[in-house]
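Following: one structure in structure tokens, then a few remarks.
The values are calculated or read from the model by the stated rules, or taken from the named source; none is laboratory data. Quantities reported herein were computed from a predicted structural model and do not represent experimental measurements. Virtual Cβ from ideal backbone geometry, glycine too; neighbours counted across all protein chains shown. Heads up: the accessible areas ignore ligands, DNA and RNA and are worked out on the full protein's heavy atoms, side chains in. Shrake-Rupley method; radii C 1.70, N 1.55, O 1.52, S 1.80 Å.
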Amino acid sequence: MNAIDELTESFSRLPGIGKKSAGRLVNFILKADTSYVKKFALQLNTLQEKIKPCSVCGTWTEDDPCPICTDTMRDRSIICVVEQPQDVSTIESSHEFNGLFHVLGGVIAPLEGIGPDQLNIKQLIKRITEEKVSEVIIATNPTVEGDTTALYLQRMIAAVSDIKVTRLASGLPVGGDLEYADKLTLARSFRGRTEV
Ligand code: ZN
């Protein structure tokens, strides 16, 4: 394999990038400004060193704890539980929620060998029992796995505390990802959340 084939192969491993798009990207890089390419390479090279999961909520952050966890202006009594760090960004951009987050790092998916122990659940229970939390909003995606995980969390929380547990209102596309929900839909989901 020459350098072009190697880079094409690397690009094609990115989500949503097929062989054709990968080839186009390599050609773009070949013709691009050298300083841009150098900067881009450095960004790729240092990303994993710079960014780590927040030790409190699990979202990607450069400073630990993350700016959301340390923000004193936020409502610390509400925790919104999401699947992935990207969901935190999606909800943040809707400006509909001013509480704290907790990132599970996935959903319970027995077929893929992902059980509760592989997810960031123990830390959530710890936060609920040790901090003054009055509500947990479960914002897992409206998929079979997302619903199973929500049910599991609800039971785990009920076993240690009698705080309010809510689920985002439907309105999110069934089987769809939080990632693709528009701001208005997200806002409606937060306002219409129901106790489970
Ligand atoms: Zn955090």
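Things worth noting here:
- When the Cα gyration tensor is reduced to axis lengths a ≥ b ≥ c, the ratio a/c is 1.5 or higher for region 67-184, and with a/b not above b/c it is classed as oblate.
- Look at the Cα gyration tensor of region 7-64: its axes a ≥ b ≥ c give a/c of at least 1.5 with a/b at or below b/c, and that counts as oblate.
- Where a label projected 7 Å from the Cα of Ala41 along Cα→Cβ would reach, residues of region 1-28 with amide N under 20 Å: 1-14, 22-28
- Rounded to the nearest 20, the size of the Cβ-charge dipole of the chain about its Cα centre is 280 debye, with Lys and Arg at +1 and Asp and Glu at -1.
- Relative to the longest principal axis of the Cα atoms of the chain, the long axis of helix 144-160 lies at roughly 40 degrees.
- For Thr166, distant residues with modelled amide H under 5 Å away: Val136, Ile137, Ile138, Val196
- Degrees between helix 3-12 axis and first principal axis of the chain (Cα, 0 to 90, nearest 10): 20
- Expressed as a whole percent, the accessible area of the chain that falls on carbon and sulfur atoms is 55 (1.4 Å probe).
- Peptide packing for 66-77, 82-93 was compared via the average number of neighbouring C-beta atoms within 10 Å per residue; ordered from the highest value, the list is 82-93, 66-77.
- With both residues required to sit in the chain, DSSP beta bridges show an antiparallel share near 30%.
- Taking the Cα centre of region 91-193 as origin and assigning +1 to Lys and Arg Cβ atoms and -1 to Asp and Glu Cβ atoms, the resulting dipole is close to 360 debye.
- Here is how the number arises for the chain: DSSP H runs of 4 or more residues each give -39500 (n - 2.57), the sum is divided by the residue count, and the result at 222 nm is -14000 deg cm²/dmol.
- Fully extended contour minus Cα-Cα distance, from Ile125 to Asn2, at 0.36 nm per residue: 39.2 nm
- Note on Lys19: aspartates and glutamates with a C-alpha under 13 Å away, same-chain residues under 8 apart excluded, are Asp5, Glu6, Glu9.
- Ranked by how many other beta carbons lie within 10 Å on average, peptides 127-140, 13-26 from highest: 127-140, 13-26
- Which of Thr149, Ala169, Ile17, positive extreme of dipole for the chain (C-beta unit charges): Ile17
- Euclidean distance between Cα centres, region 51-99 to region 15-41, Å: 32
- Remark: the chain carries 61 Å² of accessible area per residue (probe radius 1.4 Å; ligands, DNA and RNA excluded).
- The alpha-carbon of Lys52 sits under 29 angstrom from the alpha-carbons of these lysines, leaving out residues fewer than 8 places away in its chain: Lys38, Lys39, Lys122, Lys126, Lys132, Lys183.
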